[in-house]
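See below for the structure under consideration.
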Ligand SMILES: [Zn+2]
């Protein structure tokens, strides 16, 4: 990230997990704007440790990590009216079974920190990216997410001719956007949580590079770059 010229910072904290405290680090890249407002694009880079399974997590969370790295490269060349934050969350995955306290360590930490220092109030939009590499791309229409942001993003997808990858029927999902949604932030989750037959590649040894396609990542990249451009023009 350093050669891109933004402001890079590490947000280090202890995740209080069922296995005890674990040191975790959110990675934050900021391209400063002048409006006083902020647009935030996030995703997680931790991979779930699964005992006895050779889990490499090509999609979860290789795809969100790769997405954010490439998005940062593109964003470095864009003009920024608003502050643009690109955040790599640590600790999205549960250490054991997914619960409210064993999951989303990085996003819960940053939402609390940004609530305390006033950053949350400046956020126009937060877009979280998760599992976007599947060859069979179907972005879930998450009913927990901001309707305004879904309308914006689905509209950009339709304009680019990529509407078929974005589902129309809503369903709800819990992910790194939720600590921000719960704090009143205009936030959306972009996730394909139908990975392989009956989701059988998810959190298994089947989550490998051969299940992914560059085209799926390009579709999501084009749509999110388009959406961020529209957000930066709206005040
Ligand atoms: Zn996962």
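The values are calculated or read from the model by the stated rules, or taken from the named source; none is laboratory data. This structure is a prediction, so every number in the text was calculated from the model and none was measured. FYI the Cβ positions are ideal-geometry reconstructions off the backbone, even for glycines, and counts take in every protein chain you see.
What is the one condition in (1) in a strand (DSSP E or B); (2) away from the ligand (no atom under 16 Å from the Cβ) that residue 129 does not satisfy?
(2)
Looking only at the range 113-120, decide whether some residue is farther than 21 Å from residue 23 by Cα and either within 16 Å of the ligand (Cβ to nearest atom) or touching a strand residue (DSSP E or B) at 6+ places or on another chain (Cβ under 8 Å) (or both).
yes
Can you tell me how many residues in the range 5-31 are touching a helix residue (DSSP H, G or I) at 6+ places or on another chain (Cβ under 7 Å), closer than 29 Å to residue 75 by Cα and buried (at least 16 other Cβ atoms within 10 Å of the Cβ)?
Taking the range 5-31 as the starting set, the residues that turn out to be touching a helix residue (DSSP H, G or I) at 6+ places or on another chain (Cβ under 7 Å) are 8, 11, 13, 15, 24, 26, 29, 31.
Remaining after also requiring closer than 29 Å to residue 75 by Cα: 8, 11, 13, 24, 26, 29, 31.
Retained after the next criterion (residues that are buried (at least 16 other Cβ atoms within 10 Å of the Cβ)): 11, 13, 24, 26, 29, 31.
Count: 6.
Conditions first: (1) under 29 Å from residue 37 (Cα atoms); (2) surrounded by fewer than 19 Cβ atoms within 10 Å (Cβ to Cβ). Residue 185 passes all but one, so which condition is the exception?
(2)
If I ask for residues that are modelled with pLDDT of 95 or more and touching a strand residue (DSSP E or B) at 6+ places or on another chain (Cβ under 8 Å), which ones from the range 224-235 would you list?
Here is the first cut: in the range 224-235, the residues modelled with pLDDT of 95 or more are 224-231.
Within the range 224-235, 224, 227, 228, 231 qualify.
Go through the range 1-112 and tell me which strands (runs of 3 or more DSSP E), entirely inside it, have 1 or more residues that are within 16 Å of the ligand (Cβ to nearest atom) and out of contact with any strand residue (DSSP E or B) (no Cβ under 7 Å at 6 or more places or on another chain). Talk me through it step by step, then tell me what you get.
Details: elements: 7-17, 20-31, 38-44, 83-89.
Of the strands (runs of 3 or more DSSP E) lying wholly inside the range 1-112, those with at least 1 residues that are within 16 Å of the ligand (Cβ to nearest atom) and out of contact with any strand residue (DSSP E or B) (no Cβ under 7 Å at 6 or more places or on another chain) span 7-17.
Condition test on residue 167, is it surrounded by fewer than 14 Cβ atoms within 10 Å (Cβ to Cβ) and over 30 Å from residue 51 (Cα atoms)?
Values: surrounded by fewer than 14 Cβ atoms within 10 Å (Cβ to Cβ): no; over 30 Å from residue 51 (Cα atoms): yes.
Judged against the criteria, residue 167 is not a match.
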